[in-house]
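Reading through the structure tokens given below for one structure.
Where a number appears in this text, it was derived from the coordinates with a stated rule and is not lab data. Quantities reported herein were computed from a predicted structural model and do not represent experimental measurements. Every residue, glycine among them, receives a Cβ derived from its backbone with ideal geometry; neighbour counts consider all protein chains shown.
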Amino acid sequence: MKNIYVLLSLLFFPIFAFSQTIEGKIVDEKGIALIGANITNTTMNSSTISDMEGAFKIKANAGDKINVAMIGFETKTVEATPGMQVTLKEEVSQLQDVVIIGYGTRKKIDNTSVITSLKADEITKTKVLNASQAIQGKAAGVQVIASDSPGSTPSVIIRGLGTAIGGRTPLFVVDGMPADNINNINANDIVSYEILKDATAKAIYGNRAANGVIIIETKKGKVGKLAVEVEMFTGFRSPLSVVKMAGSNKFSYYTNMALGSTTFSQDQPVNTDWFKEITRTGQYSQSNVSLSGGSENIKYFFSAGYYDEEAILNGMDYSRLTFRNNNEYKISNKIKLSQNFSVSYAKVNPKPFSAFTNAYKQSPIVPVYFPSGQYGVSFVGDDGFASPTGSSFNNVGNPVAQLDFFDEQQKSITLQGGLKLDIDIMKGLKYSSVFNGEYYTWKGYNYEDTKNIWLAADPTREEADYPSTSNVNLLTRSNDSYFNWNLSNYLTYNKLFDNVHDVELTGGIEASSRGPRSFSKVVRRNVNANSNYWSLNGVDYASNVISYNDVLYNEVKLASYFGRIQYKLMNKYLLTATVRRDGSSQFGEDYRWGTFPSVGLGWIITNEDFAKNLKGVDLLKLRGGWGKLGNQNVPLNSQAFSSGLDYYIPNYLTGITVDSQVDPSLSWEVTEETSVGLDFGFLSNRLTGTFDVYNKNTNNLILYTRPYITAGSSQQSPAHVGEVSNKGFELSLKWNDKINDNWTYYVSGNFSNNKNALERLNSSNLPDIQGGGLGNGQYTKLLGESSVGKPLGSFYLYDYAGYDPTNGQMLYYKADGTTTTQGGLEEADRKYFGSVLAKSMYGLSLGFTYKNFDVSMDSYGTLGSKVYNGKKAQRFSGENIENSLASDFWTPTNTNAGNPGAFNQVPVASTYYLESGDFWRINNITIGYKLPKTFDAISSARIYFNAINPFITKKFSGFSPELNGDGNPYGSQGVELDAYPTLKSFVFGINLKF
């Protein structure tokens, strides 16, 4: 035995002889000591823990691998050095994530509803003006149809469209304030963007929640010394794709063939690229600065941001200045007061998007200016060239002149602010009172230089020939303003009973007011051309006023009661039940109150004994829910009167009569939704995801109805007449891993599918709604009795059947299957062909960090949508055509061409112009580098490069398949006409923290 001890001592002697004690300290990212961290020397297999001051001592040699681990923080491996200090980062655990729900928060693991939560870095990564555009592709089941025009508002559709003519916009709740949009919010001020998608999550907002709810929280101060953050970036923008138009010679050849004459020379001296003439390289920049900090009693946050853009359309400019102040005051241990206030000032010089259409259609043989300096016009002389004299060959104006003569400016100010008082009445019981207000004012003018526009349209005109009775100019001035407020008071009680029953109760009341809204517009003629003299004090302008409109819209009031119970049993079984009762002043006394309930259930399977030891399975949670929601933003009854009616009955005089029916039972649209989902996490939560299936029905759809003949009235009136359904599924996956302390990476993706349909119409007294007008007498969409079973916004077109190889004329299918030319078509020959609403959407994101470098990429795509090439479908005689058409059309010597023969008549709306709206686009690529610390005053400095929309794959032959238009599925949405192109942007910026 003694010999064994001697042998062992000899074996381990080298270790003890050369090992030493290494001392160090464990802290968090704020430098605060961490107590109880586990420190292990993996080389010697020795370990210890950090003391009350975060200090430790461990047997180790310099260079040994030291592993530091602590619950709630990321594990870190470092090399041992004397006096070492190890900083641990907080671990973001799915189990501890908190999501914001209506009137409160909830741990994600305990939540039974479907909420997509996006944090600040995901929102600010893409440098766009409106934060909603930045979420594109990041949330399953959320379709964002955006426009790159400055100041535009994206359309956000959550789980499909549930209304035909009602409001389609989700309810935005910003720091407790309901809002219609977030154009006034600086994305850098946002700390979280929560998308409430299912009825269990949305029902707490009652009759405003049918289109979805988006909750936005802005940044607050934190305890600590003053922190200053500065960000500056500048970017350059250009169209992502441009349509190649025919040059002068090809235009001349095609048009001559269409006319059957040699009107235009095929050796043109001018070849104008009108798109280039009306556009420029766009530039935009933004500067942000924020100050935050606080003590235990006061926390503060101040920010200011300035955004400035020169759009790609000549003369179009936009700027926005924002200021925000959020403070929190701890009045006592039980009372806390929070305050938020923001100001946004926006200024825009708009230009008409019809200039894009005119640039597409105007002939390339027309010069921008004639040698005389006059604007070029579409006159052709005897030599076949464009000339100041001759005959007009199209009705398209000069796009450059159109922009030059368009003089409009708009300014707006939005103020939002609120107070929140939290009182801890007793342990577990809290009272909250929240008041928010919003004031908006807008003013604008439009100056129309009528006489000079008339002169520019025809170079042969003389100023002396201008009619003396016509206006020299017109000035339109408009003003708009409103004040909204919202007041909610609620109690929250939570308690854990016997470590088994976890209960949270919320109940409260809410009152809100929208408006009254005041709008006025006055149109004057023959004002001084100098804007400084437009509104001189003391001058009587009454004689020059040709139109005046002054409207005060009714105030809309809402009174509500709401309650919610959230219950967790044994940390396994979850229940959420909500009910809200809303009363709206918009509806009749007997129909203004409605009740909106919901219930959600959840089962955390991995907390069951049989699942706790499943290898590689970290989370399995099954959930489901049902609820009812409302949409009060719908057409309302309006009593119409007609006057001046003459009757033939003797002794009856001119009179007034009621000219519309009123439906006393008219109220909001109601949406009922059921959903089931699974949350999961595998392989130490490196792979996480969700899967959801839903069925959503709006069962009292509102449409306009014709009056009955016996009613003696002529005006249409709204009524509940139909049902719309949305059925689909959503899948989200994310893989997040760490290779070592230098390398981390992630890959995430989502896919969703939605089937939208008009299920039924229970009235035969419905007028057809025709939409998607092309400005040439043609329409492309229809909502009527024949629309049942079709998606909302479906295109209603003639079916193109190719062309006649003997003469190149376009042929179309008739209802009986035979073919005919355009002249033989009837209205009954139209059919439905898809919708602008995508059937499927998907997003893919990936990124990695290596030491101080970070790289990320986000992409977005859609499947199953249709878009209409409205510019191509508008063509008439003498207007330009696309190069692809001019290069390959039917002629007697080219009978197998890809396109029909040249023609002059206005084309009917047909599938010839309907194209696939499918696309996949890289939305953003970011490359960043965190600079080494060289100045004590700067705690962090990062430079970055962004490529926004640098690449797209699409089938659409136009500028962009993403066509929001007016946001109306029965309007210009999905029709490329007067549309702003999608842009690619390249951005350089810097972030500084002090």
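Listed highest first by mean packing, meaning other Cβ atoms within 10 Å per residue, what order do 123-129, 896-902 come in?
Numbers: 123-129: 22.3, 896-902: 16.4.
Ranking the peptides 123-129, 896-902 by packing returns 123-129, 896-902.
Working only with C-alpha atoms, what are the Rg and Dmax values of region 202-269, expressed in angstrom?
My reading of the Cα-based Rg and Dmax gives 29.9, 82 Å.
For an R0 of 25 angstrom, estimate the FRET efficiency from the Cβ-Cβ distance between Asn742 and Leu683 and round to the nearest 0.05. List each step's numbers first, then the result.
Details: r = 21 Å, r/R0 = 0.85.
So the FRET efficiency works out to roughly 0.75.
Under a straight-distance cross-link criterion of Cα-Cα below 19 Å, which aspartates and glutamates are reachable from Lys955, leaving out those fewer than 8 residues away in the same chain?
Glu882, Asp888, Glu915, Asp918, Glu976
In terms of modelled amide H atoms, which long-range or inter-chain residues lie less than 5 Å from the amide H of Ala37?
HN-HN under 5 Å from Ala37: Ser50.
Of Val144, Pro154, Tyr103, whose Cα points farthest to the positive end of the dipole of region 98-220 (charges on the beta-carbon: +1 Lys, Arg; -1 Asp, Glu; origin at the Cα centre)?
Comparing the listed Cα positions along the dipole, Tyr103 ranks first.
Relative to the compact-globule scaling 2.2 N^0.38 Å, provide the ratio for the alpha-carbon radius of gyration of region 17-88.
Details: Rg = 11.1 Å, N = 72, 2.2 N^0.38 = 11.2 Å.
This ratio for region 17-88 stands at 0.99.
Among the aspartates and glutamates, which have Cα under 20 Å from the Cα of Lys299 when same-chain residues fewer than 8 positions away are ignored?
Glu29, Asp175, Asp189, Glu217, Glu229, Glu328, Asp422, Asp424
Quick one: which of 767-773, 688-694 comes out on top by average Cβ neighbours within 10 Å, and what's the full order, highest first? Write down the numbers at each step before the final one.
Working: 767-773: 17.3, 688-694: 19.0.
Result, highest mean Cβ count within 10 Å first: 688-694, 767-773.
Any idea what diffusion coefficient region 392-498 gets from Stokes-Einstein, in µm²/s, Kirkwood Rh on alpha carbon pairs, 20 °C, 1.002 mPa s?
Working: Rh = 19.9 Å.
Calculated translational D: 108 µm²/s.
Quote the charge dipole size of region 17-88 about the Cα centre in Debye, to the nearest 20; the model charges only the Cβ of Lys and Arg (+1) and of Asp and Glu (-1).
Numbers: 6 positive and 8 negative charges, 28 e Å.
Result for region 17-88 is approximately 140 debye, rounded to the nearest 20.
Search the structure for amide H atoms under 5 Å from the amide H of Gly971, placed 1.01 Å from N in the peptide plane, and list their residues when 5 or more places away or on another chain.
Gly772
With a cut-off of 8 Å between alpha carbons and a minimum separation of six or more residues, what is the relative contact order of the chain in percent? Write down the numbers at each step before the final one.
Numbers: 2696 pairs, mean separation 107.7, N = 994.
Computed value for the chain: 11 percent relative contact order.
Just how large is the dipole of the chain about the Cα centre, in debye to the nearest 20, putting +1 at every Lys and Arg Cβ and -1 at every Asp and Glu Cβ?
Roughly 3000 debye, rounded to the nearest 20.
Which whole-Hz couplings ³J(HN,Hα) result when phi for each residue of region 208-217 is put into the Karplus expression 6.51 cos²θ - 1.76 cosθ + 1.60, θ = phi - 60°, listed in order with x for Gly and Pro?
With coefficients 6.51, -1.76 and 1.60, one gets 10, 10, 4, 8, x, 10, 10, 9, 10, 10 Hz.
Rounded if a/c is under 1.5, else prolate if a/b beats b/c, else oblate: with a ≥ b ≥ c from the C-alpha gyration tensor eigenvalues square-rooted, which is region 742-897?
Oblate, because a/c is 1.5 or more while a/b does not exceed b/c.
Place +1 on the Cβ of every Lys and Arg and -1 on the Cβ of every Asp and Glu in the chain, take the dipole about the Cα centre, and give the residue among Tyr306, Val380, Tyr694 whose Cα lies farthest towards its positive end.
Highest projection toward the positive end goes to Tyr694.
Given Lys127/Lys244; Lys727/Lys781; Lys119/Lys734; Lys351/Lys871; Lys127/Lys330; Lys250/Lys984, which pairs have Cα atoms separated by over 25 Å?
Details: Lys127/Lys244 29 Å; Lys727/Lys781 23 Å; Lys119/Lys734 15 Å; Lys351/Lys871 18 Å; Lys127/Lys330 36 Å; Lys250/Lys984 30 Å.
With Cα atoms farther than 25 Å apart: Lys127/Lys244; Lys127/Lys330; Lys250/Lys984.
For the residue pair Ile927 and Tyr445, what label-to-label distance in nm results when each label sits 7 Å from Cα along the Cα-to-beta-carbon direction?
Each label point lies 7 Å from its Cα, and together they span 4.8 nm.
Given the -39500 (n - 2.57) contribution per DSSP H run of 4+ residues, what per-residue ellipticity at 222 nm results for the chain, rounded to the nearest 500 deg cm²/dmol? Don't skip to the answer; put the middle values down first.
On the way: 11 runs with 77 residues, N = 994.
The helix-only estimate for the chain comes to -2000 deg cm²/dmol at 222 nm.
Please give, to one decimal in nm, the separation of the simple spin-label points placed at Ser665 and Asn776, each 7 Å out from Cα toward the Cβ.
Spacing of the two 7 Å Cα→Cβ label points: 4.6 nm.
Rg to Rh ratio, region 98-220, alpha-carbon atoms and Kirkwood radius?
For region 98-220, the value is 0.93.
When the convex hull of the Cα atoms of the chain is projected onto a plane and the area is averaged over all directions, what value comes out in nm²?
Result: a mean projected hull area of 56.3 nm².
My understanding is that a pair violates if its Cα-Cα distance is over 25 Å; which of Lys89/Lys202; Lys276/Lys443; Lys220/Lys430; Lys219/Lys696; Lys202/Lys621 do that in this structure? Write down the numbers at each step before the final one.
On the way: Lys89/Lys202 34 Å; Lys276/Lys443 32 Å; Lys220/Lys430 21 Å; Lys219/Lys696 34 Å; Lys202/Lys621 20 Å.
Checking Cα-Cα distances, Lys89/Lys202; Lys276/Lys443; Lys219/Lys696 exceed 25 Å.
Report the full-extension gain for the segment Leu846 to Ser287: residue separation times 0.36 nm, less the Cα-Cα distance, to one decimal in nm. Mind dumping the intermediate values first?
Working: separation 559, 0.36 × 559 = 201.24 nm, distance 2.74 nm.
Using 0.36 nm per residue and subtracting the Cα-Cα distance, I get 198.5 nm.
Scan around Leu240 for amide H atoms under 5 Å from its own, H built in the peptide plane at 1.01 Å from N, and keep only partners 5 or more places away or cross-chain.
Here Thr982, Leu983, Lys984 satisfy the definition.
Tell me, what HN-Hα J-couplings in whole Hz come from the Karplus equation 6.51 cos²θ - 1.76 cosθ + 1.60 at θ = phi - 60° for each residue of region 151-159, using x for Gly and Pro?
Computed from phi, the couplings for region 151-159 are x, 6, 10, x, 8, 10, 10, 9, 6 Hz.
Answer with one residue from Ile165, Leu118, Asn188: the one whose Cα lies farthest towards the positive end of the charge dipole of region 98-220, charges on Cβ with Lys, Arg +1 and Asp, Glu -1.
Positive-end residue among those listed: Leu118.
What FRET efficiency do you get for Lys612 and Ser238 if R0 is 60 Å and r is their Cβ-Cβ distance, rounded to the nearest 0.05?
On the way: r = 57 Å, r/R0 = 0.94.
It comes out at approximately 0.60.
Please turn the phi angles of region 185-194 into ³J(HN,Hα) values with the Karplus equation 6.51 cos²θ - 1.76 cosθ + 1.60 (θ = phi - 60°), one per residue in order, whole Hz, x for glycine and proline.
Ordered by residue, 3J(HN,Hα) equals 9, 6, 4, 5, 8, 7, 9, 8, 9, 9 Hz.
Take peptides 226-236, 188-198, 317-327 and line them up by average Cβ neighbours within 10 Å, highest first, as a rough protection proxy. The partial results should precede the final answer.
On the way: 226-236: 16.2, 188-198: 23.5, 317-327: 19.3.
Listed from highest to lowest mean packing, they are 188-198, 317-327, 226-236.
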